[in-house]
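Okay, structure first, notes after.
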Amino acid sequence: MQNKIYRIITSLLLSLCLLGPTAAAAAPADPLEAWKSPGYLLNSFIKIAMFNEYSAQPMGIRKWTGPIGYYFVHRVGDRDLHERLARMHIDQLAEITGLTMEPAKTPATANLLIIFSTEMQLRNDLLQDFGIRSKPQREALFRDSVCLGHFAPAKNGAIVRGVVLIPVDRAYAHAKLVDCIVEEITQVLGLPNDSDKVFPSIFNDKSVNTLLSGLDYLLLKMLYDPRIKPGMNIQEAAPILKTIANEFERNGWIRNADANVRTGGLYGLLYGGAGGLL
């Protein structure tokens with residue numbers, strides 16, 4: 001009952017604080033362009049950054065506050081291809097967020113492990129690398145997931161460790177290898193939720209996006225704006241997020257987000273240009 005009341009209060013707060021008449025009036029008429037408004041951007045950020053896939057209760061802001069040292073763990077072949085794809089996406093994330101993201105020399109010195117494994121090893125990976133002791137929980141994740149990401153925040157909301165787990169054969173079977181690399185590495189930066197109401201986005205399972213969309217680009221920009229602090233709850237973050245979203249509209253970042261996101265990362269490799277695969 002308390003959770004239900006809290007959700008109602010949170011919903012009212014968002015309606016009053018974020019989605020005022022100005023934001024609603026500015027929303028584009030074309031449904032495919034609906035995300036290009038401050039109000040839509042704010043709602044999307046709250047859904048993706050401040051909720052978890054397996055919890056209905058809102059969380060505080062979670063984000064990295066220091067350098068990320070990543071290390072690739074290979075339990076399957078094609079390591080050069082997997083590393084190339086992942087590094088290109090990581091470089092784009094670093095550029096968007098301003099985070100320092102560099103290779104670590106050993107797993108012990110890394111705070112982000114990116115594991116390329118197999119479906120056969122997945123149950124053991126969930127135990128060994130995700131630390132999931134509950135067998136029913138491991139079975140549910142094994143049954144329902146193509147690939148997975150997990151991060152561990154400190155008490156103040158600062159993320160201190162992350163793990164991405166990609167069973168490559170399962171990802172290939174679903175034609176989602178690149179999707180897995182892009183979505184899971186992005187989510188462990190502090191955007192953990194999925195929502196069918198956020199479109200177009202890699203965080204929408206019904207969306208066709210394989211690579212970051214303009215909306216995803218802006219969500220990352222919002223999360224790593226220095227005014228947004230780890231641990232902030234919705235009440236604390238909402239007015240700052242509103243300010244940032246309105247700034248994005250005024251300075252043209254919303255209008256140019258699609259073009260900006262397509263200049264980096266895997267776009268050139270997968271969709272044309274020198275060395276493109278397609």
Open item on the list: Under the 0.36 nm per residue contour assumption, what length would be gained going from the current alpha-carbon distance of T263 and E249 to full extension?
Closed with: 3.0 nm
Task: Value of Rg/Rh across the stretch 128-208 [Cα atoms, Kirkwood radius] - done: 0.97
TODO: Give me the orientation-averaged projected area of the Cα convex hull of the stretch 126-278, in nm², one decimal.
DONE: 11.1 nm²
Open item on the list: Given a 1.4 angstrom probe, I'd like the percentage of the accessible area of the chain that is carbon and sulfur, rounded to a whole number.
Closed with: 55 percent
Open item on the list: Run the numbers for E102 and L32: contour at 0.36 nm per residue of separation, minus the present Cα-Cα distance, in nm.
Closed with: 21.6 nm
Task: For the chain, share of DSSP beta bridges that run antiparallel, in % to the nearest 5 - done: 30 percent
Task: Cβ-derived FRET efficiency at R0 25 Å, D91 paired with R161, nearest 0.05 - done: 0.75
Open item on the list: Probe of 1.4 angstrom, ligands and nucleic acids ignored: what's the accessible area per residue over the chain, in square angstrom?
Closed with: 48 Å²
Open item on the list: Taking amide H atoms as placed 1.01 Å from N in the peptide plane, list the residues 5 or more away in sequence, or in a different chain, whose amide H sits under 5 Å from that of I115.
Closed with: V73, V164, L165, I166
Open item on the list: At 0.36 nm per residue, and after removing the present C-alpha to C-alpha distance, how many nm does the segment from L127 to E236 gain when stretched out fully?
Closed with: 35.6 nm
TODO: Enumerate the calculated ³J(HN,Hα) couplings along the stretch 228-234 in order (Karplus 6.51 cos²θ - 1.76 cosθ + 1.60, θ = phi - 60°), each rounded to whole Hz, writing x wherever the residue is Gly or Pro.
DONE: 8, 9, x, x, 4, 8, 4
Task: D_trans [Stokes-Einstein, Kirkwood Rh over alpha-carbon pairs] for the chain, 4 °C, 1.567 mPa s, µm² s⁻¹ - done: 67 µm²/s
TODO: Quick one: P(r) of the stretch 98-166 from all Cα-Cα pairs, 5 Å bins, percents rounded to integers, in order of increasing distance.
DONE: 4, 14, 24, 23, 17, 11, 6, 1
- [ ] Work out the length of the dipole vector of the chain about its Cα centre, built from +1 on the beta-carbon of each Lys and Arg and -1 on the beta-carbon of each Asp and Glu, and round it to the nearest 20 debye.
- [x] 740 debye
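The values are calculated or read from the model by the stated rules, or taken from the named source; none is laboratory data. These numbers come from a predicted model, not from an experiment. Please note: Cβ atoms are built from the backbone with ideal geometry, for glycine as well, and neighbour counts cover all protein chains shown. Note: accessible area is taken over every heavy atom of the protein model, side chains too, but ligands, DNA and RNA are not part of it. Shrake-Rupley method; radii C 1.70, N 1.55, O 1.52, S 1.80 Å.
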